[in-house]
Each structure stands twice: as structure tokens, then as C-alpha cells.
Amino acid sequence: MKRHLLLPLVIGLVALAPMVDTVHAGPGGSNGSSTDTGTSSAGSAAITPNDDLAVDASGAYTPIPPATIKPGKNDTGGGPTSAPPPYPAPGCPGAYGYVPHSPLPKTYTIYPSFTRNAQGAYDGHDAWYGYDVANAIPPGGNNTLTDDGYPASAANMAGHIIAVDVAVGPTTAWPASNVWWSQGTQGTLGPDITYTCDNGTITYGFGPTYLDGPAPA
């Protein structure tokens, strides 16, 4: 419905109801910006360029996730501890001293935090595993792709835990043919983002973000 068609109706409603609540586009106001921190289940409905509430084909509103998304679960390997690492990995991110990583590369699931950037994408962070990836969750996307395992996007992430797979193992056994995360192609080419530590003897790489169950309330 166009705005000029709504004007007579709005004038009539104002005359009948002098006090009404204001509905904002997002938790921070009409522009939807916010510094709130929450799970990806929080957020308000998205707004179209015509200032209408965005809906999908089934009529469901498209939510705007919070500006900062907290980890949905705890990482494998726990967190910093006073106990000596059972799998020494000098110079590596802390987690790699507490998870097995030999004789062949092993894969683990991590749950980073995410921060929305100026492009509408989300940057991912998990210092314990050395994960610091810009645009880890791309802007836009398809809000109907909500089953577990689908790649995460700004359109479908609301209400879901966001996970990332990380592989770590001896550099000499690293499978160069494996497909890891690529910022330019959302994981369809690789290996773009792999790292080495422990004087180059250990290699680790990250996969793309994906949906991994409903977000905690």
C-alpha cells in the first residue's frame, strides 16, 4: 500500500485516538541500529524500502537480529584453565593445547560471537580458537532456508545457533585438497583462510558459518 493512500486513514485515526504507541523498526529506534547484545533469536521485524514490514511468501515477518550475537553453545575444549595443556601447541591459540590434533587433522565445532558491520554482514570472533573473520555471515540471503546445516546469512540467522567447523592437525598431514572458508566465495573455494602455529608444524582452518539448532531463549 502506497503512503499517499494511507494519509486520509492516518488523519482519521489520529482524530479518534490522540495517544498511540510508536512502533520502531529495530530495538535502537526507527533506523534499526542498536548496540544491544542478544542471541540470534532476538530482534524486530525488517522494513522494506517503502517502510512496510518485510514478510516472506508465507506472510512471516523477516526479523532483524541484534547487532551483537553471543555464542549459542560452549566451545569444545572448554576455556582458559590453570591445568597444563594435554596436547602442547606452543604459539597456537589456546584451544589447540586442549583438543587432540594428531596424527591426522581433526574437526571440531565452535560457536563464535558475531558483530554486525556497516555492510549488514556479521564479523565472527572466537579468540580461544583464533577465529577472527570479517563478513563471516554475509548480508541478505534467503530467510526460508532455516533447516540445520544451511549456510548462515543475515536473512536466516535469527532464532538459530550459529556454528563454524575448525580443522586442526599436523602441517605435514594437512589435506591441501580440502575446501575451507573463502571470504570471496563463501566457502566454495579454498584453502583461503588457513593458519600455522608451533613453528609451522600445526595447521588449522575454518569452514563457513551454518545454522546449528534453535537459539537459547
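Within segment 118-137, count every residue that is aliphatic (A, V, I, L, M) and assigned to a helix (DSSP H, G or I). Count: 1. Checking each residue in segment 86-117 for being in a strand (DSSP E or B) and over 15 Å from Asn74 (Cα atoms) picks out Lys106, Thr107, Thr115, Arg116.
Annotation: of all residues in segment 188-217 being of a type in the set (A, V, I, L, M, F, W, C) and farther than 23 Å from Cys92 by Cβ, the one that is modelled with the highest pLDDT is Leu211.
Take the conditions (1) surrounded by fewer than 19 Cβ atoms within 10 Å (Cβ to Cβ); (2) under 21 Å from the mean Cα position of the chain (by Cα); (3) hydroxyl-bearing (Ser, Thr, Tyr); Ser102 misses just one of them, which is (2). Determine, yes or no, whether Thr185 is among the β-branched types (Val, Ile, Thr), surrounded by fewer than 20 Cβ atoms within 10 Å (Cβ to Cβ), farther than 17 Å from Gly149 by Cα and modelled with pLDDT under 50. Yes. For Pro93, are the conditions met, namely being touching a Cys at 6+ places or on another chain (Cβ under 8 Å) and buried (at least 17 other Cβ atoms within 10 Å of the Cβ)? It is true that Pro93 is touching a Cys at 6+ places or on another chain (Cβ under 8 Å) and buried (at least 17 other Cβ atoms within 10 Å of the Cβ). Out of the residues in segment 100-116 that are out of contact with any Pro (no Cβ under 9 Å at 6 or more places or on another chain) and at pLDDT 90 or above, which is farthest from Val164 (Cα to Cα)? Residue satisfying both the conditions and the ranking: Thr115.
With respect to being crowded, with 18+ Cβ neighbours inside 10 Å, closer than 26 Å to Asn199 by Cβ, at pLDDT 90 or above and not basic (Lys, Arg), Tyr122 falls outside the description.
The values are calculated or read from the model by the stated rules, or taken from the named source; none is laboratory data. None of the values given here were measured: they were computed from a predicted structure. Glycine also receives a Cβ, built like all others from the backbone with ideal geometry; neighbour counts cover every protein chain displayed.
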